[in-house]
Structure formats: C-alpha cells, structure tokens
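A quick write-up on the structure given underneath.
The values are calculated or read from the model by the stated rules, or taken from the named source; none is laboratory data. None of these values were measured; they are calculated from a predicted model. Note: ideal-geometry Cβ built from the backbone for every residue, glycine included; neighbour counts use all protein chains shown. Keep in mind that these areas ignore ligands, DNA and RNA; they rest on the heavy atoms of the full protein, side chains included. Shrake-Rupley method; radii C 1.70, N 1.55, O 1.52, S 1.80 Å.
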Amino acid sequence: NLILLIFPATLCASTVIMQNGPHAHYLYPLYWTITIYVGFYLSKVSNYSRALIIIIIGIWVVFYTPNTKDYSRELPKWLEVFSPNTESPILHIVKFLQSIGVKAVYSSYGMASEIIMYSNGAIQAAQYNKSARGKSLQIKLKNQPDFALVTRGGNLPLILSHLDDHEISYKIKFVYSLSYEDEVTNTYWTIWDFKGNISAINQLRYIFD
C-alpha cells in the first residue's frame with residue numbers, strides 16, 4: 001500500500017520542482033499500479049457480491065469510454081517500437097544521417113526521441129531547447145564537435161537567420177515532406193557541416209528557448 005502514497009507524492013514533488021505538469025506517459029506506471037490494486041479489490045468483492053462488482057466494472061468502463069479516441073491515436077506510436085513505420089519521416093531522416101556519417105543530432109523533443117529509436121541508439125539526439133527535459137543527453141553531446149540539426153520547416157527561418165547573421169557556412173538538405181490532400185503540411189530538413197565562429201556554432205545546440 002505504501003507504493004500508492006510514494007507514487008503520487010513523487011509526482012507532486014516533480015511537478016513543483018519542474019513547475020510544469022507531467023506528460024501522460026509518466027503517469028502510466030501509476031495508472032497500472034492502481035489498476036492492479038483495483039483488480040485485487042474486485043477479486044475480494046466478488047466473493048461477497050457479484051452485483052456490486054458488475055456495477056464497479058460498469059462505472060470503470062463508462063468513465064474511460066471518452067478516452068477511446070486517444071488510445072486509437074496513441075496505439076500506432078506504441079506499435080512503432082516493435083515494428084517501425086516505413087512511411088515515418090524520421091526513418092528517412094535517420095537513413096540520411098547515416099549516409100553522411102552524422103552520429104550526433106539536435107532536434108525537437110519528439111523527433112530527438114524518435115531518431116534514437118529508429119537508429120537503435122546508433123545516433124545520439126538531444127533537444128535544441130534551453131529548457132530541454134533531457135539534460136543528460138545535452139551534456140553527453142556537448143563535446144561532440146560534429147553535429148547536425150534536424151528540424152521542421154516552421155523552425156527553419158530562425159536557424160538560417162542565426163547562421164547568416166554569424167556568417168557560418170553549412171550544408172542543408174531537404175529530406176522529407178508530409179502532405180494532406182496534395183497540400184504539403186510539413187517539411188523536414190537536416191543542416192550540418194558547420195564552419196565559422198565556434199561560439200556561434202555552439203549556440204545552435206540551444207537555439208530555441
């Protein structure tokens with residue numbers, strides 16, 4: 001029973017320290033633990049009243065029915081861990097990074113995680129945000145002199161502006177695009193081989209607030 005006290009207390013403490021609510025996937029272990037305890041409770045209740053257990057299960061089902069759409073949206077992401085989606089933009093990005101010999105990458109939170117997953121850890125990736133959650137990854141990549149940026153088209157102007165303002169030479173490659181009804185909705189770019197002011201180049205590692 002102590003674990004039901006430790007988990008919520010830990011979550012509350014982390015929320016106060018980070019000053020930000022936890023992502024949903026951090027709540028899954030707590031949810032699974034509570035589910036197991038509820039299962040034990042129901043097994044005991046069934047010995048006394050089958051009607052009561054049916055009512056409890058009914059309430060449980062009704063309570064979580066509105067979240068069904070979320071499960072259907074998240075399920076493909078979980079399946080990708082076991083069977084990578086061959087149409088994923090990140091898979092194309094990883095193949096390109098491997099073709100140019102890049103093993104250190106800075107990108108957004110979601111893409112950094114997917115790059116690590118799709119490359120089976122061969123490519124190290126961290127967020128290019130100052131307030132990144134993965135501080136240990138940033139520290140690990142800090143001394144990597146040759147790194148690349150992987151970004152969506154919406155973030156590209158800010159990065160290119162920084163490069164041009166500091167007269168940094170670079171290589172850039174359009175890697176992939178997503179379309180919906182023949183309209184491009186997102187583009188994916190890789191920028192690498194930076195040459196110029198070392199201090200300005202290192203600022204690319206934390207270019208977004």
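Tally up the residues in segment 1-26 that are at pLDDT below 75 and either aromatic (F, W, Y) or open to solvent by less than 70 Å² (accessible area, probe 1.4 Å) (or both), please.
Residues in segment 1-26 being at pLDDT below 75 and either aromatic (F, W, Y) or open to solvent by less than 70 Å² (accessible area, probe 1.4 Å) (or both): 12 in total.
May I ask you to verify whether K135 is closer than 14 Å to I191 by Cβ and charged (D, E, K, R)?
The answer is no for K135.
Condition (residue is closer than 14 Å to I207 by Cα and open to solvent by less than 90 Å² (accessible area, probe 1.4 Å)) applied to segment 168-186: is it met by at least one residue?
no
For segment 167-209, enumerate the residues that are at pLDDT 85 or above, hydroxyl-bearing (S, T, Y) and in a strand (DSSP E or B).
S169, Y170, Y176, S177, T187, Y188, T190
Each row is one residue, and each column tells you yes or no for (1) touching a strand residue (DSSP E or B) at 6+ places or on another chain (Cβ under 8 Å); (2) buried (at least 20 other Cβ atoms within 10 Å of the Cβ); (3) at pLDDT 85 or above.
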residue	(1), (2), (3)
Q98	no, no, yes
S107	yes, yes, yes
I115	yes, yes, yes
Y128	yes, yes, yes
R133	yes, no, no
L156	yes, no, yes
